1. Out of 145, 140, 118, 157, report the one residue that is small (Gly, Ala, Ser) and in contact with a strand residue (DSSP E or B) (Cβ under 8 Å, 6 or more places away or on another chain).
2. Checking the condition under 31 Å from the mean Cα position of the chain (by Cα), assigned to a loop (DSSP other than H, G, I, E, B) and modelled with pLDDT of 95 or more, which residue from 300, 274 passes?
3. Take the residues in segment 382-401 that are open to solvent by less than 10 Å² (accessible area, probe 1.4 Å) and of a type outside the set (A, V, I, L, M, F, W, C); name whichever of them is nearest to the chain's Cα centre (by Cα).
4. So, of the residues in segment 359-381 that are part of a strand (DSSP E or B) and open to solvent by 10 Å² or more (accessible area, probe 1.4 Å), which turns out to be farthest from residue 318 (Cα to Cα)?
5. I'd like to verify a number: residues in segment 604-624 that are crowded, with 20+ Cβ neighbours inside 10 Å and closer than 22 Å to residue 570 by Cβ, how many?
6. Being in contact with a His (Cβ under 8 Å, 6 or more places away or on another chain) and either crowded, with 19+ Cβ neighbours inside 10 Å or of a type in the set (A, V, I, L, M) (or both) is the requirement here; does residue 198 meet it?
7. Show the residue pairs that are 6+ apart or on different chains and have beta-carbon atoms under 9 Å apart, the first residue being within segment 529-552 and under 15 Å from residue 111 (Cα atoms), the second being open to solvent by 100 Å² or more (accessible area, probe 1.4 Å) and assigned to a strand (DSSP E or B).
8. So which of 468, 441 is crowded, with 23+ Cβ neighbours inside 10 Å, closer than 17 Å to residue 414 by Cα and either at pLDDT 95 or above or in contact with an Asp or Glu (Cβ under 8 Å, 6 or more places away or on another chain) (or both)?
Amino acid sequence: MNNLRICGYKISGFLHIKIDRSTFHCNLFSINFDAMKITFIFLTSIFFSPSIFSQTMSTPFNKPPEWSKSAIWYQIFVERFYNADKKNDPTLANITVPTQMEPPADWSITPWTQNWFGQQEWERKLNKPFNETIQFRRYGGDLQGVINKLGYLQQLGVNAIFLNPINDAPSLHKYDARNYHHVDVNFGPDPEGDNRIIASENPADPATWQWTSADKLFLQLVDECHKRNMKIIMDYSWNHTGILFWAWQDIVKNQQQSPYKDWFDIRSFEDPTTPQSEFDYGGWLGNKSLPEIKKVDITTERKVGHPYEGNINEGAKEHQFAVAKRWLAPNGDISKGIDGFRLDVADQVGLGFWRDFRKHVRNIKPDTYLVGEIWWREWPDHLMDPVPYTQGDVFDAVMFYQAYRPARYFFAKTNMDHTAEQLQDSLKAQWNQLRFDNLQAMMNVSSSHDAPRLLSDFYNPNQYKFKATPNDDPAYKTGKPDAETYKRLQLYLVHLFTTVGAPQIWNGEEMGMWGADDPHDRKPLMWNEFQFEDESRNNYQPGETAFDKVTFNQEHFNWYKKLIDIRRHNPVLSLGKMDIVKAEGKKFGYVRFNDHEKIWVFFNLENAAQDFEVDAPGNYVDLLTGKKYNGKKQIPVASMGSVVLRKEK
């Protein structure tokens, strides 16, 4: 036998596999071995990587990878995470976008510990509103900062990292790609050298692509994550680029003669015989700074907030597929590559593209995890339906804001107060329409770069994501929340870490950070090693200015760590089924279970202590406090309290 194909891979080389009391699974076959030792020897011609072998056997094409069900996600916004290398801080040249983003000549890096609502001299001289100047700010976070803090994340208990875009781009958010196939030059150790490397390539030809110092540092980060048994995924927007994107710049220069003219949604080109500009194109939601990749083969209505059948231009698609392969299998080695992608504004791209993308990435690395951002059907009242995206042919999960919104209305004190019955109805409406595998793999997002921080979201009574900044509502509270807010959020966090689906933490939440919606959710992280200026808290309200101390909240961190420890040491919380057993007024309870064990979770948001009931008397321990309930069937829970009960063996 010269070669053998297993799950689509040609197995080659001299391979010796020893299997002892195990089960071998593959899409093509399943062989059980019990109390046996079997040796296979294949004489072939090409080296076979054991890492590929293990990957191919783990995940059927239409299922999420098993590892994603046990993930504790930590979302990192690199520019605001940690500045470990001052030598690579952004410069005016690297962040300027002509006609779109032009900071003043005296612009400079903002000190990490500055009062968020304070301003440097260059900001004050602009004499513009806070929200207009804040987009010019850079704090210098970089990939070395992420590497340096992996030990912190390990201590917290995180085992999966979701990086906001790190592709080369001038903005702080990086959704305006200048180059998809390179890491932002200011995230690596040699921005000037990296710019020279990028300039030497033909970006349309992957054969010419090189590895910049920033690229190499990112691959080092991937390697360091994998050494710690952490997964790591990247964030990309295949829907649009920035106006400095290399192919777009060629179109601007060469118009109809550009070989990339069909990559984008161009509506009209320049007429050289007229003095005015006729050049027009579509941008994401009308935003001209983010030119949209051209959509093709559309066979159903295309409407914001709704899935549609369609694809994107083949040339742009091939480029994006090459970029995905570059990061999944750098130099052809999937063991050195990332573990998946978060896909931005996924509803803007046709389902045909996403099906092809899934086939592409799963053919490269079968354990790849894909999570899509599908959010608003009609803002601010109706969220999108995740079902069309989670049937096994598109994504493994979505950013599951659909589960957070009703939970906020139950646990927080808002104008949209929900009873336990309403919470139950909302959750079941979502859960019952999803396949259980996908429900387990959902990324349970509560806050992010696009939403208020949890403490501020619980401190303010507004409808979710509606008038969630002081610009939209001057009464919106931007300061440090009160004690009741912390308590209510702690109860929600118990729910987040015991419910079905993978919990996600927006970087800094565990530190006790607060902040309104974008841009206030993107403050630099308040690391314990720094001493921050006091932050003004009544910036938009009348009265004398008051200030809050900005310090790392160790108690809040410890609560996160405790809950993560509970989830990781009790796999039934990640992999078990879930039944709601109590939904009455402000009393809510459920049980997580499998064939071997049960864990009961009860919440009491009533004004007085309440009794909850387990299915049989026994000896139970509250995993939150260590308190024991011996021989009990009735479990008392204090007002504004919760318990997580495991039966002692």
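The values are calculated or read from the model by the stated rules, or taken from the named source; none is laboratory data. Keep in mind that what you see is a predicted model, and the values were worked out from it rather than measured. In this analysis, Cβ positions are derived from the backbone assuming ideal geometry, glycine residues included, and neighbour counts consider all displayed protein chains. Accessible surface areas use protein heavy atoms only, side chains included; no ligands, DNA or RNA. Shrake-Rupley method; radii C 1.70, N 1.55, O 1.52, S 1.80 Å.
1. On the way: 145 fails: in contact with a strand residue (DSSP E or B) (Cβ under 8 Å, 6 or more places away or on another chain); 140 fails: in contact with a strand residue (DSSP E or B) (Cβ under 8 Å, 6 or more places away or on another chain); 157 fails: in contact with a strand residue (DSSP E or B) (Cβ under 8 Å, 6 or more places away or on another chain).
Checking each option against the conditions leaves just 118.
2. The unique qualifying residue is 300.
3. 401
4. Among those that are part of a strand (DSSP E or B) and open to solvent by 10 Å² or more (accessible area, probe 1.4 Å), it is 378.
5. 5
6. Numbers: in contact with a His (Cβ under 8 Å, 6 or more places away or on another chain): yes; either crowded, with 19+ Cβ neighbours inside 10 Å or of a type in the set (A, V, I, L, M) (or both): yes.
Yes, satisfied.
7. Every condition considered, the pairs that remain are 533/547; 534/547; 535/547.
8. Working: 441 fails: closer than 17 Å to residue 414 by Cα.
Only one candidate passes the filter, namely 468.
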